[in-house]
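Some notes on the structure that comes next.
The values are calculated or read from the model by the stated rules, or taken from the named source; none is laboratory data. If you're wondering where the values come from, they're calculated on a predicted model, not measured in any experiment. Note that each Cβ is placed from the backbone with ideal geometry, even for glycine, and that neighbours are counted across all protein chains shown. Ligands, DNA and RNA are excluded from the accessible area calculation, which covers all protein heavy atoms including side chains. Shrake-Rupley method; radii C 1.70, N 1.55, O 1.52, S 1.80 Å.
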Amino acid sequence: MVRWKGKVEDIIYTSGPPDRRRRRRKRKRKRRRRRRRRKERRRRRRGRKRRRRRIGEEEEQGEEEEERRKSMSLLARSSPPECRAPLNKFSLAGAERELMPKTLEGQITMEKTPSYFVTREAPARIAAMSRDTKLIVVVRDPVTRAISDYTQTLSKKPDIPSFESLTFKNRTAGLIDTSWSAIQIGIYAKHLDNWLQHFPAGRLLFVSGERLISDPAGELGRVQDFLGLKRIITDKHFYFNQTKGFPCLKKAEGSSKPHCLGKTKGRTHPNIHPEVVQRLRDFYRPFNLKFYQMTGHNFGWD
């Protein structure tokens, strides 16, 4: 038995009576439970956010795939044989090939892949498959295109650097970073140069992205002429969606609601400093002028 040589007051102050110790232990247990509950709530919130983000990305991919599927299943009538683009291993592989409709006499099979125009190896491979292939490229103001590209990436990765920091190698000197894909894609003359080494200019049609919004029937009229088709699609097939800021395609009589752009399209662009926009316009101007000369069409981006 250990004997305490101090005062009774010391014992009370140090350990307290049994009731006080029990209350202290009880408070500690409560605090531990509260901490565990808070930790569990934070873990669940993070899990819900991850699930919402994943569902959003899956919906985006689903909408893009649906648009791709619809564009690939477009069959036009009254086309001459030389306008047909047959099924091939390069443009379609594996599951994608199964999505393509069969090309019958008097029909056109179409396939849409935006990256073809800027992929260096694409022209040679497509030319090896068929030099009779007709190519349609939708282009828009490269400055607006770069901002739109950044907006799409920002919606998926909110923590990316600012548009300005990605645009310039050196902001003070005004050096544009052409290694950034959003900038590089807009140098249309450079990409077209690569295609003209394998296809004559008459095999390519460049559609104005701006006119596709302001006058969709007019631009699609050019497409139908290019493919040797009768002009079936006219103004009556479109109406302008004020909410989206884009035209919608009306369905055939007796069918469901019109086809408008999905959630991934028509996002509000972030505010970019006017000086940055002007520097980009100055950068693209010589490339745009060369592109106008190569295509014989002034897109009015300057």
Review point. What FRET efficiency do you get for ASP177 and ASP132 if R0 is 35 Å and r is their Cβ-Cβ distance, rounded to the nearest 0.05?
Key: 0.35
Point to revise | Under-5 Å amide H pairs with TYR239, H placed in peptide plane, nonlocal only | key: CYS248, LYS250
Check your understanding: Based on the Cβ-Cβ distance of ASP282 and LYS112, what FRET efficiency does E = 1/(1 + (r/R0)^6) give at R0 = 41 Å, to the nearest 0.05?
Key -> 0.80
Point to revise | Compactness relative to 2.2 N^0.38 Å, alpha carbon Rg of the range 106-161 | key: 1.55
Exercise for review: Work out the length of the dipole vector of the range 125-167 about its Cα centre, built from +1 on the beta-carbon of each Lys and Arg and -1 on the beta-carbon of each Asp and Glu, and round it to the nearest 20 debye.
Suggested key: 280
Exercise for review: Could you tell me which of the pairs LYS49/LYS265; LYS112/LYS134; LYS265/LYS290 are separated by over 20 angstrom between their Cα atoms in the structure shown?
Suggested key: LYS49/LYS265; LYS265/LYS290
Check your understanding: So how far apart, in nm, are the two label points at THR234 and ARG27 if each is 7 Å from Cα heading toward Cβ?
Key -> 8.6
Study note, to complete from the structure: With a 1.4 angstrom probe the carbon and sulfur portion of accessible area for the range 148-302, in percent, totals 53
Review point. Once you charge only the Cβ atoms, +1 for Lys and Arg and -1 for Asp and Glu, what is the size of the charge dipole of the range 165-302 about its Cα centre, to the nearest 20 debye?
Key: 380
Check your understanding: Please identify the trypsin sites (Lys or Arg not before Pro) of the range 195-250 that satisfy two criteria: DSSP loop assignment and at most 15 other Cβ atoms within 10 Å. Which are they?
Key -> LYS230, ARG231, LYS244, LYS250
